[in-house]
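All remarks here apply to the structure that follows.
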Amino acid sequence: MALLRLFWVQLTSMRTALLLLLALALVAIPGSLLPQRPVAPIRVSDWKEANPAVADLYEALGLFDVYGSPWFAAVYLLLTVSLIGCIVPRIAVYLRSVRQPPARTPKRLDRLPASATGTTTLSADAALGGAEEWLRSKRFRVRRDGDSVAAERGYLREFGNILFHLSFALMLVGVAWNTMLHYKGEVVIVEGQAFSNNLTQYDDFTAGAAFRPANLQPFTIWVDSFIAKFETGDVQRGAARVFEANVRIAHGAGEPEQAMIEVNHPLVVDGTQVHLIGHGYAPVVTVTDPNGDVAFSGPVVFLPQDGNFTSLGVIKAPDARPNYLGFEGFFLPTAIVDEQGPRSVFPDALAPELFVNVWTGPPRDETGRPESVYSLTKDGLEQMRTPEGNVVTFRIAPGQAIDLPDGSSLSFDDWRRWTKLQVSDEPGLWLVITSVGLAVAGMLLSLYIRPRRLWVRVVEGPDGPRVEAGGLDRADSSTGLDEDVTGLAAAAGVLDATEQHCDAAVVDEEEDA
Amino acid sequence: MSAYTSLPMVLSAVIYLLAMVAHAAEWAAARKPETVPVRELVGAGGPVVLAPEEPAEHRVRLFGRIGVALTAVGAIAHIAGVVLRGVAADRLPWGNMYEFVTSSLAFAVVFYLVLVWRRGWTWLGLPVTLLLSVGQGLAVTVFYVAIAPLVPALHSVWFIIHIVAAAVSAAAFNVAAIAAILYLIRTRAEARGTVAGYLARLPKASALDDFSFRVHRFAFPLWTFTILAGAVWADYAWGRFWGWDPKETWSLVTWVVYAAYLHARVTAGWKGVRAAWLAILGVITFWFNFVGVNLLTVGLHSYAGI
Ligand code: HEM
């Protein structure tokens, strides 16, 4: 029990708080230098492959998910406990000190950091009365006993300090709550298509432990058009300049409304945010099989591989007869062919072309198993060849069509842009924001309010009443103490005070707090 | 146009370097033992003659004035460079590392000149000109990039608020760290009783500590606000207010170190010297966030990389 108590006292001491803060700073660092799985899983595996010697050790230490690791949690939990353990007792002390009148006047005022004495022209009573009035006008809290007046000001500093720390703890609660309930999903939508907020429609979805599908707000978004503009000047050529998605949105009972989503301007639908986080190209193609039937028609999402939107994708025509048809290739928005092969040299679609290979094979059974739309499963397929035996590959521009050796054809009708939207809800955000606001207010009070204590006493001397005044700052870094002390003496009727400034006597009160 | 905007910047770097040389000369001149003239006076023995102004003292003042004057001229060129850059780019000049560093140093030099003007604090001259010449020197050589419009993620009011707050806090943290370093030097000298030369011109250790705290007291809430504005911006731009991006992580690290500094100031055994070391650690993490993180790590911040 005694041990526990000792542990608690240690944990809630200022020194421990300080060391824990430094520890928090330290343990946060590795996560900024090593790739982190929640953010960049692929970079983590690349890194591990490149550094096999330490990969397992780092993995065991949780260095690829620092902010989710037990030791990171240990530090901030200890810090939170320490903070609460430190602040709660201070609340009690503070409440007591606020209810009590200012501390009694010490015996020797000349030992204080600043003091002044002098004879007063007033009667003892009038001198104290004058001092009291002056102190009140300067918003001091005043206590008069007998021959002296004690005054204190700056109670808000400790209030601010407590407010700051409690709000900080509250913010952590808000963050934790938000983490439990939040969700975030990503969906790719081609111009002209729509999306309904529904789990099955997402390409990628993450949510907190307490999330339930019923939390998804029902709404539908149509992406009517997406506008992208890029830098065409010499400097930063190709850098993104404008991205705008023009959408219509339907929620509740009303008619669909027009809206625009830009990079920094998410759409907010009933508290759910819709962000624009990516875009790319979708060639619109038609596949006709040798029977003359349309086996596939429509836009196909190609995924950008580099800054110039060299995009990789596959076109599948499972319904083509007599044979399955699959196309694999690149969409190049500004295509050139040079010694490096075909590639795109600008992100905008200035000279789009499609470069494709053709795969074919017997029709597949419906397995019902989901298959990625971005890759072609090649078992049972082989590349289509010309009668001479050459592999069929071709390049084709919008508006063109290619007849294939087996009698089928691919026509490249047009291209569209697609946008990737991120739908997210952060239900704890308001609590985080409120507590952060309170914390900042508390911090400012705590840093800028300067608590001060002043005292004045009138003693009968040989040549009439003498005034002694003195003052003390309860936190360092205050100015104007000397001025306040002489002002106080003057208010008590002293015309020519003898001032004393005493560095050595600085009374350190913070320690005993 | 680009060339015209970088010319005053280069000029300012050179002038700051000269100012630093002047302050170094000031320091060197002040190192001449002050006891020399005193001995002469004592040795004179006879009738009291008015001591002529010591040549050393005169030189010290002169070099100091030259240093401040050069810094002021450098500051004019520097600010002109920042303004021209903004005019040429037709936006606020805070879109990349070069612009950030130059703007932030512009705030620092203005702050310093105000201190010299209002309080006569020329003792800040040497470290401040050192900071300015190194900073501007790196900016015009290593960090320089030609003018370009902003990428869409940076088009936001929050971006402006975030970066202005960051630049001002950067300036303040740097000045505060300089005061902390001088505090450490002066404290050591006071403890050994070797306060002489340049050190004798510094305020007392306790006053330096106090000044450092006041600047931190200004910078810390502003830095807090910078991080918050950044979080709001991130929420607009990326749909999350915090994502442990390296830049975010390091601003938190910096914040936590400064929180530790504030705690150290009220902790027995930590106030004073150790707190000053924390202030220095704070500014190191701050710099790392702008230089190290941009160059060593990959993140979402669009001006990561130069
Ligand atoms: C997450 C942890 C913590 C953070 C981020 C934090 C942050 C801060 C900051 C920024 C200040 C200066 C601004 C102000 O005075 O309001 C401060 C002051 C203070 N902190 Fe903390 N703190 C933490 C934990 C603690 C703990 C665990 C204790 C108790 C041991 C503590 C005790 C204090 C005290 C007593 C002050 C006032 C110092 C003064 O009188 O000037 N803090 N804290």
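Just so it is clear, none of the values below were taken in a lab; they were calculated from the coordinates. This is a predicted model, so every value here is computed, not measured. Here Cβ is always computed from backbone atoms with ideal geometry, including for glycine, and neighbour counts include all displayed protein chains.
A few notes on this one:
- FRET efficiency for A:ALA214 and A:VAL9, using Cβ-Cβ distance with R0 set to 56 Å, rounded to 0.05: 0.75
- For the pair A:THR200 and A:ARG43, a Förster radius of 30 Å applied to the C-beta separation gives a FRET efficiency near 0.55, rounded to the nearest 0.05.
- Computed Kirkwood radius, in angstrom, where 1/r is averaged over Cα pairs of region A:111-190: 18.1 Å
- R0 of 25 Å, Cβ-Cβ distance A:ASP365-A:SER409: FRET efficiency to nearest 0.05: 0.45
- Assigned charges on the beta-carbon of Lys, Arg, Asp, Glu; the protein assembly as shown dipole about Cα centre (debye): 3300 debye
- Value of Rg/Rh across region A:185-226 [Cα atoms, Kirkwood radius]: 1.02
- Charge dipole of the protein assembly as shown about the Cα centre (unit charges at C-beta), most positive-ward option of A:LEU128, A:ASN246, B:ALA29: A:LEU128
- Each residue, A:TYR76 and B:ARG31, gets one label point 7 Å from its Cα in the Cβ direction; the gap between the two is 4.9 nm.
- Relative contact order computed over chain A (Cα-Cα under 8 Å; 6+ residues apart), in percent: 21 percent
- Estimated vicinal HN-Hα couplings, Hz - region B:284-294 in sequence order (Karplus 6.51, -1.76, 1.60; Gly, Pro = x): 5, 5, 4, 5, 4, 4, 8, 9, x, 5, 5
- Cut-off 14 Å (backbone N to label point 7 Å along Cα→Cβ of B:GLU57), residues of region B:169-208: B:197, B:201
- Debye intensity ratio in log₁₀ form over the Cα atoms of region B:177-270, taken at each q of 0.10, 0.11, 0.19, 0.25 Å⁻¹: -0.40, -0.47, -0.91, -1.21
- Checking the cross-link pairs A:LYS48/A:LYS378; A:LYS107/A:LYS138; B:LYS204/B:LYS247; A:LYS48/B:LYS247 against a 27 Å limit on the alpha carbon distance flags A:LYS48/A:LYS378; B:LYS204/B:LYS247 as lying beyond it.
- Note: relative contact order over region B:151-306, using C-alpha pairs below 8 Å and six or more positions apart, is 27 percent.
- Spin-label model distance (nm) - A:TYR448 vs A:HIS501, 7 Å beyond Cα toward Cβ: 2.5 nm
- The label point for A:SER123 and the one for A:ILE277, both projected 7 Å from the Cα toward the Cβ, are 8.0 nm apart.
- Distance-filtered residues of region A:188-209 - backbone nitrogen under 17 Å, label point 7 angstrom along A:HIS251 Cα→Cβ: A:195-199
- A P(r) calculated from all alpha carbon pairs of the protein assembly as shown, with 10 Å bins opening at zero, reads 2, 10, 16, 18, 18, 14, 9, 6, 4, 2, 1, 0, 0 percent.
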